[in-house]
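Working notes, structure below.
Derivation of every value follows stated rules applied to the coordinates shown; laboratory data play no part. Remember, it's a predicted structure, so these values are computed and weren't measured experimentally.
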């Protein structure tokens, strides 16, 4: 009997990439508490920096008891990793929707649309993304980074495969497109902070993407 490898769905990939929580929120109230903790964490992180961010303050800003914090995550690193995952996952979902809306279009048009979405989404929350990119290297294990990388490359591959004329080297083009976008955006925020010059970055990335797509 021949075994066929079935690729995981987008939902399964996101589930595999998600940091482990102590308790999975099932009720709407529980999900609201976990969401409030994540939002409070980002707020306190931007106001005080990670070294001065405490469980007590994050819980107070979220409007939940300290005990509730520990029901869902083990420590501050765990909450930070969860916030990073949620930001990455939300952006991935937006990219999938944009790619689906561009099926059958020219591959350069698809690439330009995905690039614009990423730049605009990150720029709207530049301070948060800048802080989370810095934390990613501290709190996210290498396996999580690799899963996120594969997730985004798969998004690019599916988007370009659905173009009117897919690039001749589809796998290489998808990998390079993600590396160009993620690398340029993350390095701009890491080196320049929230004031990164996205207006200057945009045409440079557009030209690089056009060249790699052939």
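What base-10 log of the normalised intensity I(q)/I(0) is obtained for the chain from the Debye formula, alpha carbons as equal point scatterers, at q = 0.11 Å⁻¹?
-0.59
Give me the Kirkwood hydrodynamic radius of region 119-196, using the inverse of the mean 1/r over all pairs of distinct Cα atoms, in Å to one decimal. Intermediate results must be reported in sequence, preceding the final value.
Working: mean 1/r = 0.0731 Å⁻¹.
Kirkwood hydrodynamic radius for region 119-196: 13.7 Å.
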